[in-house]
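The structure's right below; bear with me while I get my questions together.
The values are calculated or read from the model by the stated rules, or taken from the named source; none is laboratory data. Quick caveat: nothing in here was measured; it's all calculated off a predicted structure. Cβ: placed from backbone, ideal geometry, glycine included. Neighbour counts: every protein chain shown. Just so you know, the surface numbers come from the protein's heavy atoms only, side chains and all, with ligands and any DNA or RNA stripped out. Shrake-Rupley method; radii C 1.70, N 1.55, O 1.52, S 1.80 Å.
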Amino acid sequence: MNQARHVPVMLQRCLDLLAPALAEPGAVVVDCTLGLGGHSEALLATFPSARLVALDRDREALKLSGERLAAFGDRATLVHAVYDELPEVLAGLGVPRVQGVLFDLGVSSMQLDEADRGFAYSQDSPLDMRMDQSTGVSAAEVLNTYPPGELVRILRAYGEEKQAKRIVSAVVRERGSEPFSHSARLVELIRDALPQAAKRTGGNPAKRTFQALRIEVNGELSVLERSIPAAVKTLAVGGRIAVLSYHSLEDRLVKQVFAAGAANTAPPGLPVVPERYQPRLELLTRGAELPTEEEIAENRRAAPARLRGARRIREEAS
C-alpha cells in the first residue's frame, strides 16, 4: 500500500477549523468524502464525544476505511452514497442537523494507486475512472462514443485544455481504427498531438485531459454544485464546514456558495436590514488557504489543495 494513502491533506488545519463546533457532547460531523478514512479517523480521535457519518461512492474505499474505523464502534456510521445524497442520508438516520461537515474533493489516494482504476496517467491501465465501478459509463466509453464537439467542450470546460481541438481530432481519427481501452495509448496520443511549446508547460501534457474525463465520468461538478448548498443547509447554527478542493473549477464553486451565504442581500438604502436579508454564513478563511511547503514535501498530492471554511450564523429565512 502506497504511503501517500496514509497522509490526509491539510489535516491539522481541517481539525482546527471544525473544532469549535465539535467540542460539544453529541456533536455530529459528516465526512462527505470518506476515502481511506484518514480525516475521519482523526475527527473521531480528536473529538471523543462526536459521532461521525461518512459517505463514499466507492465500495472498496468503504470496506478499507470500515476496517480502519472499526475500533470506534457505533460512533462511526459509513454509508455508500454520493455526497449530493447527504440530505437523504441524514433523514434516513434521523439526524436533522449536524455540527460539522468536511469535503476532501477529487480522487482519493487509493483510486490513484490502484492500477486497474485508470485514474493515473503515469501507469498503463484500463480507462475506467469511475469512482463507483458498479454504475455509469467509463472514460473509454466517453472517448469512443461522444461526438467530437462534446469531447472538445469537456476538455475545455473541465480540463481547461487549450489544445482540446487538436487532441479530439487525434482521438476521433484513432478511435475509428481501434477503440480506446487503456491509458498509455491515450497519453502517447496526447503527446503526439500537442505542439512542442504546449509540452513544455504544466507537467504531464495528459494531466488536463485525464482531469476532464474523470470529472465527466463521475459528474463531479454537477454533484458538487448540488452538494455544497445542501451541506450548508444541514448545519446547525454555529456549525462549521470545511472544503478541500484541488482545481480551480471546484474551488470557484465553493467560493461562490460561501460568498453568497456570507452576503447581505438587502436592497440598498434600507436603514435597518431585516433578518431575512442578513448573512447566513461567516467566512472562516481569507480566500483559499494553501498547504505549507513542509506538507507538500511530505505529501506531494497536497500541492494543488485549496481549503475554505465557513460557519453557520443564522437560520434560513422562513
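On the basis of being among the aliphatic types (A, V, I, L, M), touching a residue at least 12 places away in the same chain (Cβ under 8 Å), closer than 30 Å to Glu24 by Cα and surrounded by fewer than 21 Cβ atoms within 10 Å (Cβ to Cβ), does Val232 make the cut?
Spelling it out, Val232 is indeed among the aliphatic types (A, V, I, L, M), touching a residue at least 12 places away in the same chain (Cβ under 8 Å), closer than 30 Å to Glu24 by Cα and surrounded by fewer than 21 Cβ atoms within 10 Å (Cβ to Cβ).
While we're on this one: Identify all residues within segment 259-307 that are assigned to a strand (DSSP E or B) and open to solvent by 30 Å² or more (accessible area, probe 1.4 Å); write none if there are none.
Glu282, Leu283, Glu289, Arg306
Further question: If you go through segment 241-250 one residue at a time, do you hit one that is among the charged types (D, E, K, R) and open to solvent by 20 Å² or more (accessible area, probe 1.4 Å)?
no
Quick one: is Leu52 in a strand (DSSP E or B) and either open to solvent by 20 Å² or more (accessible area, probe 1.4 Å) or free of Cβ contacts under 8 Å to residues at least 12 places away in the same chain (or both)?
When the stated conditions are applied, Leu52 does not pass them.
Looking at segment 20-36, can you tell me whether even one residue there is touching an Asp or Glu at 6+ places or on another chain (Cβ under 9 Å) and over 25 Å from Met129 (Cα atoms)?
No, there is no match, as no residue in segment 20-36 is touching an Asp or Glu at 6+ places or on another chain (Cβ under 9 Å) and over 25 Å from Met129 (Cα atoms).
Looking for whichever is assigned to a strand (DSSP E or B) and farther than 18 Å from Arg130 by Cα here; the options are Ala230, Ala236. Which one fits?
After applying the criteria, what remains is Ala236.
Is there any pair linking a residue in segment 256-269 that is within 17 Å of Arg312 (Cβ to Cβ) to one that is of a type in the set (Gly, Ala, Ser) and surrounded by 15 or more Cβ atoms within 10 Å (Cβ to Cβ), with Cβ under 6 Å and at least six apart or on different chains, and which?
Once the first residue is within 17 Å of Arg312 (Cβ to Cβ) and sits in segment 256-269, its partners that are of a type in the set (Gly, Ala, Ser) and surrounded by 15 or more Cβ atoms within 10 Å (Cβ to Cβ) give Phe258/Ala310.
Can you work out which of the residues in segment 176-191 that are among the small types (Gly, Ala, Ser) and part of a helix (DSSP H, G or I) is farthest from the chain's Cα centre (by Cα)?
Ranking the candidates gives Ser177 first.
Let me ask something else about it. Given the criterion closer than 23 Å to Asp132 by Cα and not in a helix (DSSP H, G or I), identify the matching residue among Leu244, Leu249.
The unique qualifying residue is Leu244.
Right, here's the next one. Of all residues in segment 8-22 being of a type in the set (A, V, I, L, M, F, W, C) and assigned to a helix (DSSP H, G or I), which is surrounded by the most Cβ atoms within 10 Å (Cβ to Cβ)?
In this case the residue turns out to be Leu18.
Could you pull out the residue among Leu44, Leu102 that is under 22 Å from Val243 (Cβ atoms) and either in a helix (DSSP H, G or I) or at pLDDT below 95 (or both)?
Within the list Leu44, Leu102, the selection yields Leu44.
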